[in-house]
1. Run the quick spin-label model on residue 105 and residue 124: label points 7 Å from Cα toward the beta carbon, then report their separation in nm to one decimal.
2. For the chain, give the percent of accessible area contributed by carbon and sulfur heavy atoms, probe 1.4 Å, rounded to a whole number.
3. Kindly report, to the nearest 10 Å², the accessible surface of residue 13 as traced by a 1.4 Å probe over protein heavy atoms only.
4. Against the longest alpha carbon principal axis of the chain, how many degrees, from 0 to 90 and to the nearest 10, is the axis of helix 128-137 turned?
5. When a/c is below 1.5 the answer is rounded, else prolate if a/b is larger than b/c, else oblate, so apply that to the range 1-40 with a ≥ b ≥ c taken from the square roots of the Cα gyration tensor eigenvalues.
6. Between the range 1-34 and the range 48-96, how far is it from one alpha carbon centroid to the other, in angstrom?
7. Quickly estimate the mean residue ellipticity at 222 nm for the chain, helices only: each DSSP H run with n ≥ 4 gives -39500 (n - 2.57), and the total goes over all residues, rounded to 500.
8. Note down the nm distance, to one decimal, between modelled labels 7 Å out along Cα→Cβ at residue 59 and at residue 87.
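The values are calculated or read from the model by the stated rules, or taken from the named source; none is laboratory data. This one's a predicted model, so the numbers in the text were calculated from it and none came from an experiment. All Cβ positions, even for glycine, are placed from backbone atoms using ideal geometry, and neighbour counts span all protein chains on display. Ligands, DNA and RNA are excluded from the accessible area calculation, which covers all protein heavy atoms including side chains. Shrake-Rupley method; radii C 1.70, N 1.55, O 1.52, S 1.80 Å.
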Amino acid sequence: IGTWKDDIKIDQEAVAAYIGGEIPPNAGAHSGRDWGPFDIQKEVIDNCPTECMWMEDGKLKIDNKECNRCMYCINVMPRALHIGDDRGVTILAGAKAPILDGAQMGSLIVPFIKAEPPYTEIKEKVVEPIWDWWMEEAKTVS
């Protein structure tokens, strides 16, 4: 899963443009009907799962230490919010989607590893050691 470690970048002018109706939320995905004016409190801040966002003096604030990087706010306001510059990947293994229980998240194997082209460090430091372990330790199905 692609992720980042540093703070979400906020373009306060674009936030004001969303609030003022100059930029459609959700990149215009819901523009077929009249949904009324964009309400940042109701449509973004109140939907944050970690409640790490608030408005202060007309500016959007984010407590990045509390953010779990769900990207909901970025999806609603893609021109105002951007991921940080310290980018990398989080690696999970073992996810599944059983019919009765619903989708289940995998186990966190690597919380963060820097990802820069040509991405050889991910292959050499993470993927190949997992393959080696799997070849030695995994159960065979008969």
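1. 3.1 nm
2. 53 percent
3. My reading of the accessible area for residue 13 is about 150 Å².
4. Long axis of 128-137 versus the principal axis of the chain: about 50 degrees.
5. Oblate.
6. What the calculation gives is 12 Å, centre to centre.
7. -4500 deg cm²/dmol
8. For residue 59 paired with residue 87, the spin-label model returns 2.6 nm.
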